[in-house]
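Peer 1: Mind having a look at this structure? Questions to follow.
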Amino acid sequence: MDWLEVATADLTPAAAARVRADYQAHLEDTLAAEPDLTEAGLLRRWGSAQAARTGLNRTHLTTWDARHLPPGRLSVRRVLLDSAPMQLGMLGAAGPGALRGDPRALTLLGAALLLVLLINLARWQLLTRPLRPESRVVWHWLTKPSSLILLGGLLWATWVGVTQPAQVGGWFGRLEGWLAVVLLTVQLVRFQLSLTAARKQRSVPA
């Protein structure tokens, strides 16, 4: 039926199949109860396929939503790849001093890499467990290396704002300050998209 094809065009395959089955069952029940009603007449009752499409997209998982969901299971390889930029940054910062034999640089580098390893193991252990969709989104976001860096930066900025409020105004006079605001906004928007998708996934399974 063309009406159903249009109405479910944006949904994931599983969600679209389920919705089509529900509408088809409703169609058959209605035609059985009202033999004189034609399929065209029933479609007029259902209204515009485009309007139905908009409504279904609000409550069912779309292909756009699905792209923002975290993986169902997080592999060790994915965890290590996610943390690679952070580890490379640490090596770039402390590596030269460590290579020169500076004991302080060696200690800092070793402690930092060990901390990242422990965080990675904790993240992998946490995200391999069965979690509610919203919980998975929250924990996946909170334990991402980029989020940890961002949250650490926010804590530092808050501390500076409390202890040295005169410096806060100067942040927005520098490129780094505006770049931090842009990165924070992007992260929060992505988090909200993931959370919305997770709510749809939980309320109406994909």
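The values are calculated or read from the model by the stated rules, or taken from the named source; none is laboratory data. These figures come from a predicted structure and were not determined experimentally. Note that we place each Cβ from the backbone using ideal geometry, even for glycine, and neighbour counts take in every protein chain shown. In case anyone asks, the SASA skips ligands and DNA or RNA and just uses the protein heavy atoms, side chains included. Shrake-Rupley method; radii C 1.70, N 1.55, O 1.52, S 1.80 Å.
Peer 1: With PRO35, PRO70 as the choices, which residue is at pLDDT below 90 and open to solvent by less than 60 Å² (accessible area, probe 1.4 Å)?
Peer 2: PRO70
Peer 1: Restricting attention to segment 177-201, and to residues there that are at pLDDT 80 or above and open to solvent by 70 Å² or more (accessible area, probe 1.4 Å), which single residue is farthest from the chain's Cα centre (by Cα)?
Peer 2: VAL182
Peer 1: Scan (1) exposed (fewer than 12 other Cβ atoms within 10 Å of the Cβ); (2) over 30 Å from VAL116 (Cβ atoms) for the single condition THR62 breaks and write down its number.
Peer 2: Just one mismatch for THR62, condition (1).
Peer 1: Now for a different question. Of all residues in segment 115-155 being in contact (Cβ under 8 Å) with a residue 12 or more places away in the chain and charged (D, E, K, R), which is surrounded by the fewest Cβ atoms within 10 Å (Cβ to Cβ)?
Peer 2: My answer is ARG132.
Peer 1: To continue, here is another question. Do you know which of the residues in segment 8-28 that are at pLDDT below 85 and not hydrophobic (A, V, I, L, M, F, W, C) is nearest to the chain's Cα centre (by Cα)? Show your work before the answer.
Peer 2: Within segment 8-28, the subset at pLDDT below 85 is 26-28.
After this cut, where a residue has to be not hydrophobic (A, V, I, L, M, F, W, C) as well, the list is 26, 28.
On the way: HIS26: 35, GLU28: 39 Å.
Only one residue tops the list, namely HIS26.
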